[in-house]
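To start, the structure under review is shown below, and the notes come after it.
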Amino acid sequence: MSSPLLQSPGAVAADAPDQEVAAHYGEPSQEQRALEGGTAFVDRSNRGVVRVSGPDRLSWLHSLLSQRLDGLRPFEPTEALLLSPNGHIEHDLFLVDDGEAVWAHVEPGTAPGLVGFLDRMRFMLRVEVADASGEFALITGPPGGGGAGGGGLAWPDASGTETRIVPRSEGFPDGLRPAGLWAYEALRIAAYRPRFGIDTDHRTIPHEVGLIETAVHLSKGCYRGQETVARVHNLGRPPRRLVFLHLDGSVDRLPAQGDPVEIPGGRAVGTVGSSARHHELGPIALALVKRNVPVDAELLAGGIAAAQEVVVSPDTGANAQIDLRRRPVNRG
């Protein structure tokens with residue numbers, strides 16, 4: 001459903017898959033600064049909300065997803081993946097248990113498919129799965145809610161912000177200006193955080209995009225796709241790696257999702273995912289490139305000159321002890 005904020009003066013709808021919320025409200029740079037400074041919120045009500053209730057919910061989800069969930073404490077946020085049998089990422093879930101149910105938010109349009117899969121896997125267990133997207137929405141803003149409700153269903157998010165599930169009937173926060181999705185996306189990209197379906201494709205495995213760090217428990221019991229995770233971690237290295245790109249600021253456009261990443265001479269070595277204009281860093285992007293691309297290689301992203309920063313090391317996997325590079329989070 002389209003957000004009512006799209007009727008606000010100056011509101012411009014975002015591109016798919018986010019066309020139901022605003023990209024900006026006429027002042028993209030100021031909105032981004034306000035969001036980072038804690039005086040704005042972002043309407044992310046296009047994201048799906050899934051609720052799993054019942055006494056067996058945590059042990060059941062533990063058996064299906066990549067994260068350890070059987071001991072998840074109430075109001076402790078976490079991230080988990082639903083993988084294909086071959087270890088490819090099918091859903092990226094951000095989870096909180098409120099003591100009675102597990103709540104998850106997922107990418108726009110993906111909740112019905114996720115609910116359908118989970119419903120088929122219930123068998124005789126005491127769980128109930130529901131798509132709650134029509135009744136609940138996501139708002140991202142200052143930590144502590146910023147007027148967006150006082151409940152505990154919240155996740156720390158990009159660059160010091162916080163995402164919270166609120167009833168749609170509650171409306172939007174008082175005392176904060178609305179910032180468009182462009183503001184949130186710029187902070188997310190600058191924090192090196194990949195987005196499922198934008199920075200990933202149907203072949204992406206967790207090691208390639210750094211989700212081993214946040215969404216996978218490497219010593220839990222069996223789950224779908226675990227064999228691939230274990231094999232890459234213990235024996236091999238992923239074929240691709242996530243990189244952060246500083247783009248040539250003299251060009252008046254950004255590369256599009258899916259544009260080729262090339263090395264001089266025209267040889268394609270990857271694809272562009274997200275891109276944005278950051279109020280301090282300028283034009284930036286995330287991309288998936290072949291693992292063996294030299295870390296100091298100059299690149300072209302959709303024809304735009306780009307310098308890379310390593311996010312996922314070429315040595316990730318094969319039991320290499322790698323600390324993923326993450327941009328420091330500004331909590332001020």
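The values are calculated or read from the model by the stated rules, or taken from the named source; none is laboratory data. Just so it is clear, the model here is predicted, and its values are computed rather than measured. Please note: Cβ atoms are built from the backbone with ideal geometry, for glycine as well, and neighbour counts cover all protein chains shown. Please note that ligands, DNA and RNA were not included when accessible areas were found on the heavy atoms of the full protein model with its side chains. Shrake-Rupley method; radii C 1.70, N 1.55, O 1.52, S 1.80 Å.
Which of the residues belonging to region 239-265 are within 22 Å of the chain's Cα centre (by Cα) and in a loop (DSSP other than H, G, I, E, B)? Answer for region 239-265, where residues must be within 22 Å of the chain's Cα centre (by Cα) and in a loop (DSSP other than H, G, I, E, B): Pro239, Leu254, Pro255, Ala256, Gln257, Gly258, Asp259. I'm checking my understanding of the structure. Among residues of region 63-82 that are among the polar types (S, T, N, Q) and within 16 Å of the chain's Cα centre (by Cα), which one is least open to solvent (accessible area, probe 1.4 Å)? So, considering only residues that are among the polar types (S, T, N, Q) and within 16 Å of the chain's Cα centre (by Cα), the one least open to solvent (accessible area, probe 1.4 Å) is Ser66. The set of residues from region 25-57 being assigned to a loop (DSSP other than H, G, I, E, B), farther than 20 Å from Ala154 by Cβ and out of contact with any Gly (no Cβ under 7 Å at 6 or more places or on another chain) comprises Glu27, Gly54, Pro55, Asp56.
Among the residues of region 151-164, is any open to solvent by 60 Å² or more (accessible area, probe 1.4 Å) and among the charged types (D, E, K, R)?
no
Within region 21-50, the set of residues being among the basic types (Lys, Arg) and either open to solvent by less than 30 Å² (accessible area, probe 1.4 Å) or not assigned by the TED database to the domain that holds Pro143 (or both) comprises Arg44, Arg47. Scanning region 212-238 for residues that are under 17 Å from Thr78 (Cα atoms), open to solvent by 70 Å² or more (accessible area, probe 1.4 Å), at pLDDT 90 or above and part of a helix (DSSP H, G or I) turns up nothing. Only residues that are modelled with pLDDT under 95 and either more than 19 Å from Pro314 (Cβ to Cβ) or not assigned by the TED database to the domain that holds Val293 (or both) were counted across region 254-273, and they come to 3. Of all the numbered requirements in (1) aromatic (Phe, Trp, Tyr); (2) outside any loop (DSSP other than H, G, I, E, B); (3) open to solvent by less than 60 Å² (accessible area, probe 1.4 Å), Trp182 misses one, and that requirement is (3). If I filter region 191-203 for residues that are within 10 Å of the chain's Cα centre (by Cα), open to solvent by less than 30 Å² (accessible area, probe 1.4 Å) and hydrophobic (A, V, I, L, M, F, W, C), do I get at least one hit? Yes, the conditions are met somewhere in region 191-203. Screening Asp131 on (1) open to solvent by less than 60 Å² (accessible area, probe 1.4 Å); (2) in contact with a Gly (Cβ under 8 Å, 6 or more places away or on another chain) shows it passes everything except condition (1). Apart from one condition, Ala268 fits all of (1) without any contact (Cβ under 8 Å) to a residue 40 or more places away in the chain; (2) part of a loop (DSSP other than H, G, I, E, B); (3) surrounded by fewer than 16 Cβ atoms within 10 Å (Cβ to Cβ); the exception is (2). Among the residues of region 83-102, those identified as part of a strand (DSSP E or B) and open to solvent by 50 Å² or more (accessible area, probe 1.4 Å) are Glu90, Phe94. Checking each residue in region 56-97 for being over 22 Å from Phe123 (Cα atoms) and in contact with a His (Cβ under 8 Å, 6 or more places away or on another chain) picks out His88, Phe94.
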